Structures are given as C-alpha cells and as structure tokens.
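Everything on this sheet refers to the single structure shown next.
What follows is calculated from the coordinates using simple rules that are stated; it is not laboratory data. Predicted model, so just to flag it, every value in this text is computed and none were measured. Don't worry about glycine lacking a Cβ; one is built from the backbone with ideal geometry, like all the others, and counts go over all protein chains shown.
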Amino acid sequence: MAAKIGSPGLAAALASAVLFGATTPIAKQLLEGASPLLVAGLLYLGSGIGVSLLRVVQDRRWSSPGLARSDWPWLAAATVAGGIVAPVLLMVGLTRAAVSDEYPMRRVVHADVVGVFP
C-alpha cells in the first residue's frame, strides 16, 4: 500500500524522520558530560511524557488501548527492543564514534527519510 502525497501519514513520517535525525547530533553533544544510559533514559523519558500528554489531550481521558491479550507480549518485546535496548546502543555508539565535519546534518536526515521510504 503506497502513501499518497499530501496524506497526514506521509507528513507525520517525514516529520518523524527529520526530528529523529536532529536528535543524533544533539545527543552527541549531551554525551560529553553524561553517561550514555542517562542520556538515553532522559531522551525517552521526555518522549514518553510528550506522547502521554498528547494522548490525554486528544482523547480527553485515559482509555484502554483495546489490545487483545495475545498482543501484550509483542508490545512488551517491542518496548524493550525499541525503547530500551536500541536507545542505549545508539548512545553507546555515539560515544565511540568520531566527530567529523564530513558528516553533516543533512546526511543524517537523508538516511532517516530513506529508511522510511525504501
């Protein structure tokens, strides 16, 4: 199923790719004075608070997501992999990566956009 140009989903995917690409150089600077685990935790804590507030504002209340019992293990696995392991590995990788002027922001954003639209 192809995304149509001008659809809200396409705009959200592009905005997500740009914002995710923007966090990488910012996180690299934050790592100069903090541990990778702390930075990853703070980034995802802020993300969780933002998404929770958005859901409360949009729904005007807190409601059940309506997941079947069989979906909860998959949700837990995705949360652990994408919300805990991946950010920590990203921050550890950034601490070990060399800072280079040959890797500008536009390449990071381009890589994220290509990842969204292979």
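Taking 7 Å along the Cα-to-C-beta vector as the label spot, tell me the Ala12-Ile49 distance in nanometres, rounded to one decimal. In this crude spin-label approximation the distance works out to 2.3 nm. Set the Förster radius R0 to 30 Å, insert the Cβ-Cβ distance between Leu37 and Arg60 as r into 1/(1 + (r/R0)^6), and round the FRET efficiency to 0.05. About 0.25, to the nearest 0.05. A viscosity of 0.890 mPa s and a temperature of 25 °C, combined with the Kirkwood radius over C-alpha pairs in the Stokes-Einstein formula, give the range 6-55 a diffusion coefficient of 199 µm²/s.
For the range 1-92, the calculated P(r) over all alpha carbon pairs, in 10 Å bins from 0 to the bin holding the longest distance, is 13, 32, 38, 16, 1 percent. Placing pseudo-labels 7 Å out from each Cα toward the beta carbon at Ala76 and Ala97 gives an inter-label distance of 3.2 nm.
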